[in-house]
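In what follows, a structure is listed as structure tokens, so that the remarks can point back to it.
The values are calculated or read from the model by the stated rules, or taken from the named source; none is laboratory data. Fair warning: this is a prediction, and the values are worked out from it, not measured in the lab. No Cβ is skipped: glycine too gets one built from the backbone with ideal geometry, and neighbour counts run over all protein chains shown. Each accessible area value is taken on the protein alone, full model and side chains, heavy atoms only, with ligands, DNA and RNA left out. Shrake-Rupley method; radii C 1.70, N 1.55, O 1.52, S 1.80 Å.
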Amino acid sequence: MRSTTPFFQAFGPLLFGKPPVPALADALAKFSECKSLSQLRHAFGFYFPQALLAQRPSGENSRRRIFARDVTFWSFLDQVQTPHGSCREAVRKVMAFVRRKLPKEKERPMSPDTSAYCQARAKIPLDVMDDINAHLVDRMQNHIPSDELWHGRHVKLADGTGLSMPDTEENQARWPQSKNQKPGCGFPAINLVGIFCLLTGALVKAAYGDRHTHESTLFRDLWSALNEGDMVVTDRGFFSFFTFASLLARRVDSLMRLPEKKLRKAISSQLPKAANFDVIVTWKRPAKGPSTMTAQEFALLPESLPVRVIRYTVAHRGFRTQSVTLVTTLLDPAIADSDFADLYFQRWGIELHFREIKIHLNMDVLRCLTPHMIEREMRMHFIAYNLTRCVMQKAALTHDVDLRRLSFKGCLDTLRQFANASSGAEDKPRTISAMVDEMLLAIARDPNPLRPGRSEPRVRKRPPKNYRLMTKPRREMGPLPHRKSGVENRPKRL
């Protein structure tokens, strides 16, 4: 007999037992325990530490929900890797998965509303996402063959880029638009600085701020990701005595291009007049430190720093001859100047890595409406990028090919299609294993052509649509005259 009294409802389960669980509720409780929601998890779940996504016995992420943390994470990851993937599409995939798992269940169909999924995404802790990304990076770094290191050193590339996002009040307050744009006519913007591994292409760590935060300041926040004995290669935008001395204090060497203005001010009197040279000079500490450094930090810098200055000439057929001056704290005479020139030439790879994240993974224009979700969207793009890099490294090591010649876009397309095909074989481990092997072979057999010294200017062949530029908020512009006739183009009344 079951009690129907409304009093002391909490004692009901204790006295009369728990009520029967509906079939759909029981199935949805097991939903997060299934081996896969996203097809990506079939073959690549072992890349992630599952303990970070597992259900907890108490507290946050302990209740049995449809969008548990692991289900939400894999749906979010699948959404990032899907071209123009929306929250509606992510929820529809979950609905299709539930219907496939429960074809006879018609008691309580799942709601198509995206609210629950969006709320679940907002609850994923940032530190959990950072730990997952760090786990992927460590996995790739530990699988680098020692004979591929640059003179026994890990080389890291650093550079900055910019991102845009929807024009909302919250985003504008956190990352305001450029001062050159009129209010209501621009978009919030982020300055992003990242450190990449030269050999694996992994995004080791990233820092971001608004447009008023200089890239050198953000670069300083990334020094904790550098290990003793690393070699950092950057362009002339990060060049400063403070950066060289601070990194050397961490036993991290640097290689940067010398700006011409700083050449005249700092060490010009010690350099020979020859067109090409390789000398060691003494770089004296400047009289004043940067505005981002306190007086105590500036006093701790050494009074002088021995650096190696290398100047060489770049001459390619059909291009203007250019003179390049490099400065490094690595004074080992056993390393030839041509090795430094070749290493700095490879710095251009970081531009391609940013292109892969921003264009191929659609992070150039973020889509979330609040800073709380913008931070999670960026981190999920980093995880998706490093996951793809893990697969590329696995294919390169398995089939003995050069990792840096593999196509990121080709790997991403192959990964997406094979993951979709594996969704029907989730209970067949041998079939999935065979599909993964074939996928890795397809990635390894599709290298980019070897074209050293190739130049691809950033120009567009197809012109954009001839629309006017917004000069004031859209609600204030009203009807516009036609571009050719000048007559106001008002909508016709029906």
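Summary table below
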quantity: Dipole-positive endmost among LEU301, ALA275, TYR344 within the range 257-376 (Cβ charges, Cα centre); calculated: ALA275
quantity: Cross-link partners of LYS288 among aspartates and glutamates (Cα-Cα below 18 Å; sequence separation of 8 or more within a chain); calculated: GLU297, GLU303
quantity: Accessible area of the range 182-258 belonging to carbon and sulfur atoms, whole % at 1.4 Å probe; calculated: 47 percent
quantity: log10 of Debye I(q)/I(0), alpha-carbon scatterers only, for the range 360-431 at 0.13, 0.18 Å⁻¹; calculated: -0.54, -0.86
quantity: Which of ARG121, ARG468 is most accessible, then next, and so on - probe 1.4 Å; calculated: ARG468, ARG121
quantity: Magnitude of the charge dipole, the range 124-248, Cβ model with Lys/Arg +1 and Asp/Glu -1, debye to 20; calculated: 420 debye
quantity: Per principal axis, descending, Cα span of the range 370-475 in whole Å; calculated: 60, 41, 24
quantity: Of all accessible heavy-atom area on the range 381-447, the percent that carbon and sulfur account for (1.4 Å); calculated: 48 percent
quantity: Unit Cα scatterers, Debye sum, the range 200-300: log10 I(q)/I(0) for q = 0.16, 0.23, 0.24 Å⁻¹; calculated: -0.84, -1.50, -1.57
quantity: List VAL459, VAL279, VAL391, ordered by accessible area with a 1.4 Å probe, largest first; calculated: VAL459, VAL279, VAL391
quantity: DSSP-loop GluC sites (Glu not before Pro) across the range 198-265, with at most 14 other Cβ within 10 angstrom; calculated: GLU228
quantity: Ratio Rg/Rh, restricted to the range 87-221 and using Cα atoms, in which Rh is the Kirkwood radius; calculated: 1.12
quantity: Tail weight of P(r) past 23 Å, computed on alpha-carbon pairs of the range 144-238, percent; calculated: 38 percent
quantity: Centre separation in Å (Cα based) which lies between the range 179-253 and the range 67-97; calculated: 32 Å
quantity: Reciprocal mean inverse distance between Cα atoms of the range 279-373 - Kirkwood radius, Å; calculated: 17.8 Å
quantity: Compactness of the range 337-397 - radius of gyration and Dmax, Cα, Å; calculated: 15.4, 49
